[in-house]
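The next block holds one structure in the form of structure tokens; read it before the comments.
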Amino acid sequence: MAVAAIGQQDWPEDWPELLPLLLKLISDQNNGNGVRGALRCLALLSDDLDDTCVPKLVPELFPSLYRIISSPHLYENSIRAKALAIVHSCISMLGSMSGVYKRDTASLMASMLDPLIEQFSIILNSPVQSQNPDDWSMQMEVLKCLLQLVQNFPRLPEAKISAILPSLWQTFVSSFKIYHLSSIQGSEDVDSVDYDSDGSERSLESFEIQLFELWTTIVGNSRLAKVIAGNIKELAYYTIAFQQITQEQVQSWSRDANQYVADEDDVTYSCRVSGSLLLEEVVTAYEDYGINSILEASKMRFHESQELKQAGSADWWRLHEASLFALGSVSEQLCEAQDSGFAKYNVRDLLEQTLTDIMVTGVHQYPFLHARAFSIVAKFSSVISKEVREQYLCYAARAIASDVPPPVKVGACRALAQLLPESNQDLIQPNVMGILSSLVDLLRQASDETLHLVLETLQSAIKSGGEQSILLEPVISPIILDVWAQHIADPFISIDAIEVLEAIKNAPGCLQPLVSRILPTIGSILGKPKVQPDGLVAGSLDLLTMVLKNAPTVVVKVVFDTCFASTVQIVLESDDHGEMQNATECLAAFISGGRQELLVWGGEQGRTLKMLLDAASRLLDPALESSVSLFVGSFVMQLILQMPSYLSPHIPDLIAAIVRRMQTSSIAGLKSSLIVIIARLVHLSVPNVDQFINLLLSIPAQGYDNSLVYIMSAWSQLQGEIQGAYQIKVTTTALALLMSTRHPELSKVEVQGHLIKTNAGVTTRSKARLAPDQWTKIPLPAKIFSLLADTLAEIQEQIGGGSDDDCEEDSDWEEVQNGDTNIPDDIIYSASVPSNVNPSVEHLNAMAKVFDEDEDDSYDDDLTKKDPLNEVKLADFLTNIFTNLWENDRPLFDYLCQGLSDSQRSAVEKILRK
């Protein structure tokens with residue numbers, strides 16, 4: 001280790017004799033310790049190899065390593081495994097170099113490949129015969145090497161990898177027998193874990209996981225996937241067997257239901273998870289054929305489990321559970337297949353038969369089988385029949401109220417969370433009070449891991465409870481508020497609790513009693529923020545924002561009277577990032593809910609507006625840390641949307657503050673949110689966008705000629721990073737408004753254009769420091785034109801899959817007659833001349849899925865939904881912009897088109913084609 005540590009710094013430049021010395025030691029067959037020491041040293045060194053060392057090292061080193069690997073009569077397995085580990089490091093480095101030094105790495109690999117593949121086959125042909133890591137340490141290293149080969153050299157000759165597949169299959173099948181005996185049946189000591197001399201875990205499960213990772217990579221390689229296509233059903237068949245619950249898992253999950261929930265929810269390091277990833281890859285690679293193969297394999301395993309049951313085996317349920325688990329891991333794909341009509345009856349019949357069988361088995365005897373059945377019903381609720389769903393809904397309702405093993409209650413919660421919103425109200429209503437009562441009891445017993453699941457189920461039950469929820473509100477609300485307060489420092493649990501409270505808030509008749517219950521406590525917390533425990537103030541503001549969201553004005557007024565002044569005070573005085581961020585969101589919710597009425601609630605005239613402007617001023621203070629101001633965008637946006645006439649006199653000061661805040665911000669997300677504000681102000685200035693540009697010209701910006709130059713430089717760089725349907729819509733349309741003015745000052749602004757390619761080669765950190773990226777400079781109108789073309793290209797790609805062939809399809813963007821284009825008058829005005837070329841209805845519908853639906857249910861999106869700009873259809877809008885310019889100013893259009901890339905030009909031509 002000492003020699004390796006020095007070598008990492010000094011070799012090869014300052015210690016050229018190190019490698020010859022190590023090679024000499026490796027070659028001395030009479031000095032076993034020397035060989036071992038030299039290999040250990042090289043293994044440590046090989047982790048730090050770079051692109052200058054490897055090409056020199058491999059030709060000298062490989063013959064010595066190969067001699068060790070291929071001489072089992074001279075060297076013990078541990079030494080041969082260490083030699084393979086060094087080969088693995090060399091292949092990894094050659095793989096990372098292959099992008100730049102394609103020819104060099106190909107020739108190096110070619111010289112190594114044939115002898116290596118031959119040895120790999122020999123090593124893998126030896127069946128795995130015991131749980132002892134020494135028995136399969138060589139195979140483990142071979143699997144790692146093969147994984148690197150397939151990952152890094154996907155175009156390796158298929159014949160090379162094909163030659164090794166029979167040996168790989170032999171390892172897979174033979175190792176299962178040992179895994180089944182030692183892990184699934186638990187014949188060995190399940191608590192014993194072995195580690196190698198480097199501290200890495202050596203367990204049979206880690207070996208199987210390595211095998212699964214290799215199979216998954218092979219299936220994911222389109223060329224190799226064809227080679228093994230005929231064996232996919234067998235691969236799925238064995239994968240399901242590997243996914244059986246092990247004896248260790250049975251013991252762990254029976255002792256601790258929380259561990260069961262944690263392992264089910266998290267992507268844990270296990271054969272079950274690795275097997276699921278492989279099955280997902282099978283469906284991706286082989287589609288219908290893959291689905292059919294998995295279904296067939298599952299059916300075979302189901303029948304085997306039934307045969308084992310009839311033969312009196314105590315373990316029959318494991319295979320049954322694993323078959324369901326396997327189907328559950330590809331449930332999304334199977335449900336989609338069912339929707340498209342493929343495999344519909346296979347899936348439904350298979351599931352319903354097994355689910356019905358499970359219901360008549362003993363729940364205490366086979367708890368994990370019943371838990372899996374519940375989970376499967378939740379995942380396949382759209383596939384299985386109404387009768388089976390209703391049976392399991394009633395069964396789940398009984399299970400959470402009964403003395404059943406904890407894993408069964410976990411499964412029942414999962415089923416209820418999914419089934420309640422989908423089920424017939426006539427079936428739910430008689431049971432809902434019992435379900436809610438049982439869940440409240442479970443909540444009192446739940447620990448951190450199970451709490452999330454119970455809260456999620458409770459949320460579904462309340463939403464399904466209808467008018468009955470008001471009867472339990474006095475019982476449920478205090479308990480949920482208690483859970484929220486106890487877990488205020490845990491964002492996941494506290495958010496879950498707030499979502500349950502939101503469900504109560506939205507239940508008929510529950511809003512006023514809930515607000516009356518919450519407000520006195522929250523008011524006192526916010527009134528004395530400095531004496532509260534950590535997180536309580538920030539959490540209270542979060543809760544308050546939820547109450548304000550979509551609340552009637554009368555409720556907003558009550559909350560305003562108790563909490564508004566305290567919330568503003570927190571923004572003005574707090575140094576806590578969480579408090580500041582949540583208070584900012586809360587103020588945005590106040591403005592959205594109270595609108596202009598808010599300004600008269602505060603007593604003396606102008607007092608409320610002054611408080612809001614003071615808060616904005618603090619949040620835009622350039623000296624504040626960027627993260628504190630993170631949500632100022634949504635707050636200022638509400639001022640613009642709800643109080644435009646009151647805000648108008650303050651716009652110059654607001655822009656100056658935004659520029660100062662942007663110039664000191666280190667967070668791109670904050671800068672982007674402030675650019676959205678500027679973009680919304682552009683819209684507010686219509687039809688006098690020229691005057692807005694003049695205003696920007698009059699506001700100074702440190703280091704720039706004026707604010708226009710700074711803002712447009714930052715905007716043009718960040719436009720591609722702006723996220724959210726509303727935000728993209730506002731900024732894209734605002735850029736077009738600016739360009740449409742033809743203001744002479746715009747052409748004088750030069751912004752970042754294209755990246756200038758530097759010399760080829762690996763860019764190291766030191767190179768990047770010495771020669772940072774160089775960019776061209778282009779006039780602002782040309783940049784705006786290319787950004788609009790970018791958005792157009794993205795829209796077309798989302799709709800048509802983005803292939804070049806799509807650009808040739810005239811039907812994609814049909815020519816239709818003038819109609820209602822759904823664009824507000826102010827934007828039509830900016831486009832100067834109406835166009836007779838509009839996207840087809842089909843494309844507008846597709847666009848709704850791409851840019852015009854807010855999938856993210858964040859407060860920010862909720863608060864901006866009423867903005868008329870949400871009605872804009874970007875596809876329609878951009879078509880008008882480009883067509884008008886093309887029809888009315890062809891010289892300018894042709895000039896701007898010169899700077900477009902091929903894909904951008906293709907996107908624009910597509911909508912102009914008659």
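The values are calculated or read from the model by the stated rules, or taken from the named source; none is laboratory data. Note that the coordinates shown come from a computational prediction; the quantities given were computed from them, not determined experimentally. Cβ: placed from backbone, ideal geometry, glycine included. Neighbour counts: every protein chain shown. For the accessible areas, the whole protein counts, side chains as well, though only heavy atoms, and no ligand, DNA or RNA atoms are used. Shrake-Rupley method; radii C 1.70, N 1.55, O 1.52, S 1.80 Å.
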Do you know which residues across the stretch 238-257 are closer than 20 Å to HIS364 by Cβ, of a type outside the set (D, E, K, R) and assigned to a helix (DSSP H, G or I)? GLN247, GLN249, VAL250, GLN251, SER252, TRP253, SER254, ALA257
Kindly indicate whether any position in the stretch 309-316 is in contact with a helix residue (DSSP H, G or I) (Cβ under 9 Å, 6 or more places away or on another chain), open to solvent by 10 Å² or more (accessible area, probe 1.4 Å) and touching a residue at least 24 places away in the same chain (Cβ under 8 Å). yes
Here are some residues: LEU84, LEU61, LEU49, LEU45. Which one is open to solvent by less than 60 Å² (accessible area, probe 1.4 Å), at pLDDT 90 or above and either within 25 Å of SER107 (Cα to Cα) or aliphatic (A, V, I, L, M) (or both)? LEU84
Check ALA623 against each of (1) part of a helix (DSSP H, G or I); (2) touching a residue at least 40 places away in the same chain (Cβ under 8 Å) and name the one condition it does not meet. (1)
All but one of (1) open to solvent by less than 10 Å² (accessible area, probe 1.4 Å); (2) modelled with pLDDT under 90 hold for ASP490; which doesn't? (1)
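Sort through SER323, SER375, SER382 and tell me the only one that's under 30 Å from the mean Cα position of the chain (by Cα) and open to solvent by 20 Å² or more (accessible area, probe 1.4 Å). Lay out the reasoning, then the answer.
Details: SER323 fails: open to solvent by 20 Å² or more (accessible area, probe 1.4 Å); SER375 fails: open to solvent by 20 Å² or more (accessible area, probe 1.4 Å).
The match here is SER382.
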Only one residue in GLU390, GLU473 is surrounded by 18 or more Cβ atoms within 10 Å (Cβ to Cβ), of a type in the set (D, E, K, R) and over 18 Å from SER331 (Cβ atoms). Which one? GLU473
Answer yes or no: is there a residue in the stretch 777-790 that is modelled with pLDDT of 50 or more, open to solvent by 20 Å² or more (accessible area, probe 1.4 Å), assigned to a helix (DSSP H, G or I) and of a type in the set (Asp, Glu). yes
Selection over the stretch 195-236 where residues are modelled with pLDDT under 65 and either under 32 Å from the mean Cα position of the chain (by Cα) or open to solvent by less than 60 Å² (accessible area, probe 1.4 Å) (or both) yields a count of 2
If the requirement is being modelled with pLDDT under 85, open to solvent by 20 Å² or more (accessible area, probe 1.4 Å) and not polar (S, T, N, Q), which of these qualifies: TRP15, TRP11? TRP11
Against the conditions (1) open to solvent by less than 10 Å² (accessible area, probe 1.4 Å); (2) at pLDDT 90 or above; (3) under 19 Å from ALA503 (Cβ atoms), where does ILE428 fall short? Just the number, please. (2)
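Results for (1) at pLDDT 95 or above; (2) open to solvent by 70 Å² or more (accessible area, probe 1.4 Å); (3) assigned to a helix (DSSP H, G or I); (4) under 18 Å from LEU541 (Cβ atoms), shown as yes or no for each residue.
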residue	(1), (2), (3), (4)
THR450	no, no, yes, no
GLN459	no, no, yes, no
LYS463	no, yes, yes, no
GLN468	no, no, yes, no
PRO478	no, no, yes, no
LEU481	no, no, yes, yes
ILE495	no, yes, yes, yes
GLY509	no, no, no, no
ARG517	no, yes, yes, yes
From ILE123, ILE69, ILE91, grab the single residue that is under 20 Å from THR217 (Cβ atoms), open to solvent by less than 20 Å² (accessible area, probe 1.4 Å), of a type outside the set (D, E, K, R) and modelled with pLDDT of 90 or more. ILE123
Being open to solvent by less than 20 Å² (accessible area, probe 1.4 Å), in contact (Cβ under 8 Å) with a residue 60 or more places away in the chain, closer than 16 Å to VAL261 by Cα and part of a helix (DSSP H, G or I): is that true of LEU443 here? no
Output for Cβ contacts, cut-off 7 Å, separation at least six or different chains, first residue of a type outside the set (D, E, K, R) and part of a loop (DSSP other than H, G, I, E, B) in the stretch 156-172, second at pLDDT below 90 and surrounded by 16 or more Cβ atoms within 10 Å (Cβ to Cβ), reads LEU156/LEU149
Only one of (1) out of contact with any Asp or Glu (no Cβ under 9 Å at 6 or more places or on another chain); (2) of a type outside the set (Val, Ile, Thr); (3) open to solvent by less than 40 Å² (accessible area, probe 1.4 Å); (4) part of a helix (DSSP H, G or I) does not apply to MET546, and that is (1)
Tell me yes or no: at least one residue of the stretch 527-543 is of a type in the set (Ser, Thr, Tyr), in contact (Cβ under 8 Å) with a residue 60 or more places away in the chain and assigned to a helix (DSSP H, G or I). no
Only one of THR608, THR584, THR553, THR567 is surrounded by fewer than 21 Cβ atoms within 10 Å (Cβ to Cβ) and either of a type in the set (Ser, Thr, Tyr) or touching a Leu at 6+ places or on another chain (Cβ under 8 Å) (or both); which? THR553
